[in-house]
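Below is one structure, written out as structure tokens; comments come after it.
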Amino acid sequence: MVGTLAVTTTVNGQERELHVEPRMLLVSMIRDLVPETGTHLGCETSSCGACTVLLDGKSVKSCMVLAVQANGREVTTVEGLETADGWHPVREGFKEEHTLQCGYCTPGMMMTSVALLAENPDPSEDDIRKAISGNLCRCTGYVNIVKAVQYAAKKQQGLSV
């Protein structure tokens, strides 16, 4: 295609070759070309965190990353939080601890939580609050979100929840 660049990336375990405009944002590539619509576009200024995904296992706000930067890399969206046994422990924790009201922030919160637990499998409440501080929720007081991450941490450690 004229005016586009070929990007080969793995999204949720599936390799894809996509043609993107040089200025296309990763969030737009994910939502419009893949398409995986669980990643939400909120503020477009990196303030809200609704668009958070994992890029090579690290959480990034996909409204601040160009699609071409995903070339040769692995992207995981909220849709990728499945395991052979079912839901990822973070996704399960968000359900079990009744974290969502409107749900708009939930995908970004979950992806941030997955990245936190990969780096710190037993985070304190302060660690969790610091990690999710870049993700805004206008509906909750964050209490149940913290409980959900604690739930997931226990589940990943094989502890009873």
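Of the set (1) surrounded by fewer than 20 Cβ atoms within 10 Å (Cβ to Cβ); (2) touching a Leu at 6+ places or on another chain (Cβ under 6 Å); (3) small (Gly, Ala, Ser), all apply to Ala67 but (1). Residue-level analysis places Ser113 among those that are touching a helix residue (DSSP H, G or I) at 6+ places or on another chain (Cβ under 7 Å), under 18 Å from Cys51 (Cβ atoms), outside the structural domain of Cys43 (by TED's automatic domain parsing) and among the small types (Gly, Ala, Ser). Within the stretch 9-32, being within 21 Å of Met109 (Cα to Cα) and exposed (fewer than 14 other Cβ atoms within 10 Å of the Cβ) holds for one residue alone: Gly13. The criterion of at least 1 residues that are in contact (Cβ under 8 Å) with a residue 40 or more places away in the chain is met by the following helices (runs of 4 or more DSSP H) wholly inside the stretch 48-136: 89-96, 106-119. Taken over the stretch 30-68, the criterion of being among the aliphatic types (A, V, I, L, M) and under 15 Å from the mean Cα position of the chain (by Cα) is satisfied by Ile30, Leu41, Ala50, Val53, Leu54, Leu55, Val60, Met64, Val65.
I'd like to check something: does the stretch 1-15 contain any residue that is assigned by TED's automatic domain parsing to the domain that holds Asn71, within 15 Å of the chain's Cα centre (by Cα) and more than 16 Å from Thr77 (Cβ to Cβ)? No, that holds for no residue. Considering the stretch 126-141 alone, what residues qualify as being closer than 14 Å to Cys48 by Cβ and under 17 Å from the mean Cα position of the chain (by Cα)? Passing the criteria: Ile132, Ser133, Gly134, Asn135, Leu136, Cys137. Within the stretch 88-125, restricting attention to residues that are surrounded by fewer than 14 Cβ atoms within 10 Å (Cβ to Cβ) and among the hydrophobic types (A, V, I, L, M, F, W, C), the residue that is farthest from the chain's Cα centre (by Cα) is Cys102.
Quick grid of which residues meet (1) modelled with pLDDT under 95; (2) in contact with a Cys (Cβ under 9 Å, 6 or more places away or on another chain); (3) not assigned by TED's automatic domain parsing to the domain that holds Ala115:
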site	(1), (2), (3)
Met24	no, no, yes
Asp32	no, no, yes
Ser47	yes, no, yes
Val53	no, no, yes
Cys63	no, yes, yes
Ala70	no, no, yes
Trp87	yes, no, no
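Scanning the stretch 33-54 for residues that are of a type in the set (Asp, Glu) and surrounded by 15 or more Cβ atoms within 10 Å (Cβ to Cβ) returns a single hit, Glu36.
The values are calculated or read from the model by the stated rules, or taken from the named source; none is laboratory data. Note that the structure is a prediction, hence the values are computed from the model and not measured. Heads up, the Cβs are rebuilt from the backbone with ideal geometry, glycines too, and the neighbour counts pull from every protein chain shown.
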